[in-house]
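A.B. asks: There's a structure below that I have some questions on.
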Amino acid sequence: MEIDEPTNGTSSSRLAPIEEVKPTPKQIKRIAAHSHVKGLGIDTETNEALPEGAGFVGQIAARTAASIIVDMIRMKSMAGRAVLLAGPPATGKTAIALAMSHELGDGVPFVPLVASEVFSSEVKKTEVLMRSFRRAIGLRVKETKDVYEGEVTELTPVETSESSGLGKTISHLLIGLKTAKGSKQLKLDPSIYDSILKQRVEVGDVIYIEANSGIVKRVGRCDVYASEFDLEADEFVPMPKGDVRKSKDIVQNVSLHDLDLANSRPQGRQGDVTNIVSQLMAPKKTEVTDRLRSEINKVVNEYIESGVAELMPGVLFIDEVHMLDVECFTYLYRALESPMAPVVVFATNRGTTTVRGLDDKAPHGIPPEMLDRLMIIPTMKYNEEDVRKILAHRTEAENVQFDEKAFDLLSRVGSEKSLRYALQLIAPARLCAQTCGREIIDLGDVERCTKLFMDRSESLLKAEEAQKRLTEKNSK
């Protein structure tokens, strides 16, 4: 139900209250292992990887090859193929895969998977791989819907006049929407009010409400309020033009796995992509069968041919691929040849090793039949200069300060022992400095941490010595 309001050229102006803005405490952000990596760092003129760019250091040949793979994915000429990142530990294989996802953007699905996740006592190995494949295949659905869109000028929940003694309930919601052309007042069902509360919609936000389903989508804050003193406001958007009620082209990105789950629930119109998308949050899920997936594939193909939807093959990243067995590789042979297949990126740090499920040894623990299908990108060990630059990026990302001698020692530890070991010493070294009332880490803090925490080679040496003493003791 809608109530038209006359549009006047006059509006009451008010002065923004002057308030003292108190400084907010510095928030502690979680720093992940590759937070500093923002992309592949490619020179746009030469299409070659820069020695240092986008938070990435070194691995120039590998990053250049990865950029070519990204271009092939964008051109949709890479579907059904696979890439292998092979190299020693701590050479940036996972970082390259994450950088590829940054380069592809948010519209292309990127699904990370560790090979050991495939082995489960509840789900078959092939089912886990199939779900990951379906998650990595995106579908961009384009629809024209009848919506109410505008800036929120009023948000008034109307309570019921009857009181049961257990508290008041909301009978309906009055919401005012304004555009550059006019305004309307809508009377909405109380169930829509819950969706508005979840999205934290308030007066001054730009939203749209689907006329048929009542789905609410918050677009952003109206740019009229861009000059206000709210320092933590999110993205500002212009006030919508035209009428409040209009036909709007809406683009929704879903994966085939989302469609599988949505279509496995009881619903009225099976196989309708529009209906499937609107049912993603419905309860009561049943098993997803191969027959159901094939039916969904048929409907998706029909929508692609009619131009309603567009297929977006994404990237499936499988780390520690040598952990897969021969049954998984046999399944991957067929899955990669499917018309609906994502780009699969494998990663491993093994050389020649035994293929699980077979007695034969093969390079990287991968059967020769699969190796023939792969485009292999090698990664090399970092030199001392690259290690120093990587540590500098990490200290900047974690907002940690070292003095010159302490940083020289940390760089030397990363070159002689392990880059990962040096990276792991940054946080405890900072805690040691803070315990002494300092913000800058000195040489003594790093030396203390190297004595408290062993690296991999030292730990292995200690274990071998303990085993030797135990053997000598038992032989006496």
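A.B. asks: Test of understanding: among 40, 85, which residue is buried (at least 19 other Cβ atoms within 10 Å of the Cβ), part of a loop (DSSP other than H, G, I, E, B), in contact (Cβ under 8 Å) with a residue 24 or more places away in the chain and not polar (S, T, N, Q)?
C.D. replies: Being buried (at least 19 other Cβ atoms within 10 Å of the Cβ), part of a loop (DSSP other than H, G, I, E, B), in contact (Cβ under 8 Å) with a residue 24 or more places away in the chain and not polar (S, T, N, Q) holds for just one of 40, 85, which is 40.
A.B. asks: What about residue 73, is it in a helix (DSSP H, G or I) and open to solvent by less than 60 Å² (accessible area, probe 1.4 Å)?
C.D. replies: Spelling it out, residue 73 is indeed in a helix (DSSP H, G or I) and open to solvent by less than 60 Å² (accessible area, probe 1.4 Å).
A.B. asks: Counting only residues that are touching a Gly at 6+ places or on another chain (Cβ under 6 Å) and touching a residue at least 40 places away in the same chain (Cβ under 8 Å), how many does segment 294-324 have?
C.D. replies: Matching residues across segment 294-324 total 3.
A.B. asks: Go through segment 350-428 and tell me which helices (runs of 4 or more DSSP H), entirely inside it, have 2 or more residues that are open to solvent by less than 80 Å² (accessible area, probe 1.4 Å), touching a Gly at 6+ places or on another chain (Cβ under 7 Å) and among the aliphatic types (A, V, I, L, M).
C.D. replies: Because the criterion is at least 2 residues that are open to solvent by less than 80 Å² (accessible area, probe 1.4 Å), touching a Gly at 6+ places or on another chain (Cβ under 7 Å) and among the aliphatic types (A, V, I, L, M), the helices (runs of 4 or more DSSP H) in segment 350-428 that meet it are 384-397.
A.B. asks: Residues being more than 19 Å from residue 453 (Cα to Cα) and of a type outside the set (Asp, Glu): count how many of those fall in segment 403-435.
C.D. replies: 1
A.B. asks: Output the residue which, of all residues in segment 199-225 that are in a strand (DSSP E or B) and of a type in the set (A, V, I, L, M, F, W, C), is most open to solvent (accessible area, probe 1.4 Å).
C.D. replies: 219
A.B. asks: I want to confirm something. Restricting to segment 429-441 and keeping residues that are surrounded by fewer than 13 Cβ atoms within 10 Å (Cβ to Cβ) and touching a strand residue (DSSP E or B) at 6+ places or on another chain (Cβ under 8 Å), which single residue is farthest from residue 380 (Cα to Cα)?
C.D. replies: So the residue we want is 439.
A.B. asks: Further question on the same structure: Might you let me know whether segment 122-135 holds any residue that is farther than 30 Å from residue 340 by Cβ and either part of a strand (DSSP E or B) or open to solvent by less than 40 Å² (accessible area, probe 1.4 Å) (or both)?
C.D. replies: No, there is no match, as no residue in segment 122-135 is farther than 30 Å from residue 340 by Cβ and either part of a strand (DSSP E or B) or open to solvent by less than 40 Å² (accessible area, probe 1.4 Å) (or both).
A.B. asks: Examine segment 138-146 for a residue that is assigned to a strand (DSSP E or B) and over 30 Å from residue 293 (Cβ atoms), and state whether such a residue exists.
C.D. replies: yes
A.B. asks: For segment 301-334, enumerate the residues that are in a strand (DSSP E or B), open to solvent by 30 Å² or more (accessible area, probe 1.4 Å) and of a type in the set (A, V, I, L, M).
C.D. replies: Residue satisfying the conditions is 311 alone.
A.B. asks: When residues of segment 425-445 are filtered for being out of contact with any helix residue (DSSP H, G or I) (no Cβ under 6 Å at 6 or more places or on another chain) and not β-branched (Val, Ile, Thr), how many remain?
C.D. replies: Within segment 425-445, residues that are out of contact with any helix residue (DSSP H, G or I) (no Cβ under 6 Å at 6 or more places or on another chain) and not β-branched (Val, Ile, Thr) number 9.
Each row is one residue, and each column tells you yes or no for (1) out of contact with any strand residue (DSSP E or B) (no Cβ under 7 Å at 6 or more places or on another chain); (2) of a type outside the set (Val, Ile, Thr); (3) modelled with pLDDT under 85.
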| residue | (1), (2), (3) |
| --- | --- |
| 77 | yes, yes, yes |
| 101 | no, yes, yes |
| 104 | no, yes, yes |
| 135 | no, yes, no |
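A.B. asks: Still on this structure: Step by step: first the residues of segment 136-151, then only those that are surrounded by fewer than 20 Cβ atoms within 10 Å (Cβ to Cβ) and among the acidic types (Asp, Glu), then the one that is farthest from residue 175 (Cα to Cα). Which residue is that?
C.D. replies: Only one residue fits best here, namely 143.
A.B. asks: Out of all the residues in segment 325-341, which are within 25 Å of the chain's Cα centre (by Cα) and at pLDDT 85 or above?
C.D. replies: Result: 332, 335, 336.
A.B. asks: Scan segment 52-69 and give yes if some residue there is open to solvent by 50 Å² or more (accessible area, probe 1.4 Å), under 19 Å from residue 374 (Cα atoms) and modelled with pLDDT of 85 or more, otherwise no.
C.D. replies: For segment 52-69, residues open to solvent by 50 Å² or more (accessible area, probe 1.4 Å), under 19 Å from residue 374 (Cα atoms) and modelled with pLDDT of 85 or more: present.
The values are calculated or read from the model by the stated rules, or taken from the named source; none is laboratory data. Small disclaimer: the values here were computed from a predicted structure and weren't measured. All Cβ positions, glycine included, derive from the backbone under ideal geometry; neighbour counts span all protein chains shown. When the accessible area is computed, the model is the full protein with side chains, heavy atoms only, and any ligands, DNA or RNA have been set aside. Shrake-Rupley method; radii C 1.70, N 1.55, O 1.52, S 1.80 Å.
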